[in-house]
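In what follows, a single structure is set out as structure tokens and then discussed.
What follows draws every value from the coordinates through simple rules; no lab data is involved. The structure displayed is predicted, hence computed values, not measured ones. Please note: Cβ atoms are built from the backbone with ideal geometry, for glycine as well, and neighbour counts cover all protein chains shown.
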2 protein chains.
Amino acid sequence: MKQNRRKFIASTALLGTCLAATALPDFNAADKKGIIHHVFFWLKNPSSQEDLKKLLSGLQTLRKIKTVRKLYIGVPASTEKRDVVDNSYHASELMFFDDLAGQQAYQDDPIHKKFVENCSQLWQKVIVYDSMDV
Amino acid sequence: MKQNRRKFIASTALLGTCLAATALPDFNAADKKGIIHHVFFWLKNPSSQEDLKKLLSGLQTLRKIKTVRKLYIGVPASTEKRDVVDNSYHASELMFFDDLAGQQAYQDDPIHKKFVENCSQLWQKVIVYDSMDV
């Protein structure tokens with residue numbers, strides 16, 4: 001009995017440390033939440049500054065797409081090297097959309113299609129992460 | 001001679017398609033650029049909604065760290081399934097910092113250390129991408 005009570009207190013305390021500071025996010029408001037679209041590119045010719053410039057400039061054209069609310073174009077930052085940090089990519093494209101429809105409209109937009117047509121020969125690998133604000 | 005000229009025209013045209021729309025980014029202004037820190041978490045117990053809630057709530061505590069300019073906490077969005085899209089992660093933390101020093105201060109902040117201490121038992125894998133605005 002005593003042991004069970006101790007276990008209960010211990011697990012409640014652990015829960016507390018991870019839940020203490022704030023209220024839980026509103027999981028029912030998913031349809032109102034923004035979409036974050038983050039794409040990482042690995043170049044076919046990693047040492048070519050010219051290819052990197054072409055890719056970064058191609059990414060700039062995506063600003064014109066109406067449903068793109070924010071666009072950040074980047075390269076790996078010189079933060080501390082750690083096992084969990086992947087700094088092997090060459091360019092990053094981070095976009096914000098109001099909703100899923102906005103993200104789909106971007107995918108279908110002629111400006112996006114033209115970017116892929118003109119620049120896809122530059123990259124060997126792409127990873128996309130789409131997340132929804134909670 | 002004619003062939004060389006043709007090659008030159010062809011390569012210039014290709015360059016044009018990818019460089020046409022905008023000026024090149026200012027690569028010399030790196031120290032003034034913001035840092036984007038994006039972390040993806042894979043849970044040890046992927047089916048546990050309780051563990052996901054604990055992790056998301058733990059992430060909310062990071063808002064209090066002074067050098068964190070913006071924080072977006074997310075889960076995979078239900079965008080179209082494509083080979084390039086990785087939607088296998090369970091939670092995403094996207095942060096903006098003014099500079100490298102701000103990112104390092106965040107890593108060293110007691111609130112961040114407490115989050116790792118309290119919540120790291122929840123995840124089996126983490127990938128971090130740090131990028132610098134161009």
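A few points about this structure:
- The residues listed here are B:Thr67, B:Thr61; of these, the one that is within 23 Å of A:Val75 (Cα to Cα) and either touching a helix residue (DSSP H, G or I) at 6+ places or on another chain (Cβ under 7 Å) or of a type in the set (Val, Ile, Thr) (or both) is B:Thr67.
- All conditions in (1) facing chain B (nearest Cβ under 7 Å); (2) closer than 20 Å to B:Leu71 by Cβ; (3) in contact (Cβ under 8 Å) with a residue 24 or more places away in the chain hold for A:Arg69, with the sole exception of (1).
- Criterion violated by B:Ile35 - all others in (1) more than 21 Å from A:Phe96 (Cβ to Cβ); (2) in contact with a helix residue (DSSP H, G or I) (Cβ under 7 Å, 6 or more places away or on another chain) satisfied: (1)
- The stretch A:90-125: number of residues that are touching a residue at least 60 places away in the same chain (Cβ under 8 Å), outside any loop (DSSP other than H, G, I, E, B) and either surrounded by 15 or more Cβ atoms within 10 Å (Cβ to Cβ) or within 11 Å of chain B (Cβ to nearest Cβ) (or both): 12
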